[in-house]
Amino acid sequence: MRFTFLGTGTSHGIPMIGCRCTVCTSADPKNKRRRCSLYVVAEGQHLVFDTPPDFRDQVLSFGVERVDAVFLTHPHADHIFGFDDVRRFSTLQDAHIPVHGSPETIRLMRKKFDYVDKPSYGFESVPRVRFTEQTGPVEVGNTRIIPLPVWHGQETIYGFRIDGDGKRIAYMPDCNAIPGETLALMEGLDAMILDGLRPEAHPTHFNIGQCVEQLARIGARRSFITHLTHSSDHHALQARLGAAVTVPWDGLKVEP
Ligand SMILES: [Zn+2]
Ligand SMILES: [Zn+2]
Ligand SMILES: [Zn+2]
């Protein structure tokens, strides 16, 4: 199994438009964060978790070769508004791309992307996808993707556990509380990637301190923080967190 961080930034991305802070003006590529997405290759299957507004750039920059299935954590703008670019993969692969999410996510996707699968011309002007309401484990080839319901403010959304090639990882980019039943599904993880936003408290995200606490409680072999704001310089945050938690950067590839 190999996974690639396609994006590790909060909804604004970093640099944030119009901000002159030291992180937003930093020349360090590790301080440039696209909106959150993860690319996982396991059992020969190529899976994408969220299609943010930066999706096209992420695909071109970090070598996304194909997409066998898309999984959506939730339909917030920073996680879905690059979705139209799935069209290139449905064209290249000459196939409908399965798109999985909670019933509520899929309901809103059908509304926001009401034009997909309705070509108005004789060429591939729209993505060909197959929306699927996911309420339990889904198999893509020999990989198994298990939804992990979590709180994100007032909403219940999904993180996902991905099992394949003898490894087990979980991805939870937006979250401020993990219910007990979900924690029970997260035992024996080789890698855990969790929302840690910023140092200060937030009504819909764990802050950095809470994220570190939760990661220790989950106890994966390797722990990663994501969905970061411009409050954190990459190297300063990594120095502060030490060896227990990795601060990823866009394009980082991990073999768990
Ligand atoms: Zn800034
Ligand atoms: Zn969100
Ligand atoms: Zn988000």
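Bear in mind that the values in this text are calculations on the coordinates, not laboratory data. Only a predicted model underlies this, so the values are computations on that prediction, with no experimental measurement involved. Neighbour counts are summed over all protein chains in view; Cβ atoms, including those assigned to glycine, are modelled from backbone coordinates with ideal geometry.
Here is a check on your reading of the model: is PRO147 assigned to a loop (DSSP other than H, G, I, E, B) and either surrounded by 14 or more Cβ atoms within 10 Å (Cβ to Cβ) or among the β-branched types (Val, Ile, Thr) (or both)? Steps first, please.
Working: assigned to a loop (DSSP other than H, G, I, E, B): no; either surrounded by 14 or more Cβ atoms within 10 Å (Cβ to Cβ) or among the β-branched types (Val, Ile, Thr) (or both): yes.
Considered against the rule, which asks whether it is assigned to a loop (DSSP other than H, G, I, E, B) and either surrounded by 14 or more Cβ atoms within 10 Å (Cβ to Cβ) or among the β-branched types (Val, Ile, Thr) (or both), PRO147 comes out as no.
Restrict the check to the range 179-186 and report whether at least one residue is within 16 Å of ligand 2 (Cβ to nearest atom) and either among the β-branched types (Val, Ile, Thr) or under 23 Å from THR8 (Cβ atoms) (or both). No, because not a single residue in the range 179-186 is within 16 Å of ligand 2 (Cβ to nearest atom) and either among the β-branched types (Val, Ile, Thr) or under 23 Å from THR8 (Cβ atoms) (or both). Screening LEU60 against (1) more than 16 Å from ligand 1 (Cβ to nearest atom); (2) touching a residue at least 12 places away in the same chain (Cβ under 8 Å); (3) not in a loop (DSSP other than H, G, I, E, B) leaves a single unmet condition, (2).
Residue by residue, here is whether (1) within 16 Å of ligand 2 (Cβ to nearest atom); (2) not hydroxyl-bearing (Ser, Thr, Tyr) holds:
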residue: ILE17; (1), (2): no, yes
residue: LYS32; (1), (2): no, yes
residue: VAL41; (1), (2): no, yes
residue: HIS46; (1), (2): no, yes
residue: THR51; (1), (2): yes, no
residue: SER61; (1), (2): no, no
residue: GLU65; (1), (2): no, yes
residue: ARG88; (1), (2): no, yes
residue: THR91; (1), (2): no, no
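Which residues, counting only those in the range 207-225, are in a helix (DSSP H, G or I) and basic (Lys, Arg)? Scanning the range 207-225 gives a single hit, ARG217. Number of residues in the range 189-218 that are over 19 Å from PRO149 (Cβ atoms), out of contact with any strand residue (DSSP E or B) (no Cβ under 6 Å at 6 or more places or on another chain) and either free of Cβ contacts under 8 Å to residues at least 24 places away in the same chain or within 16 Å of ligand 2 (Cβ to nearest atom) (or both) equals 7.
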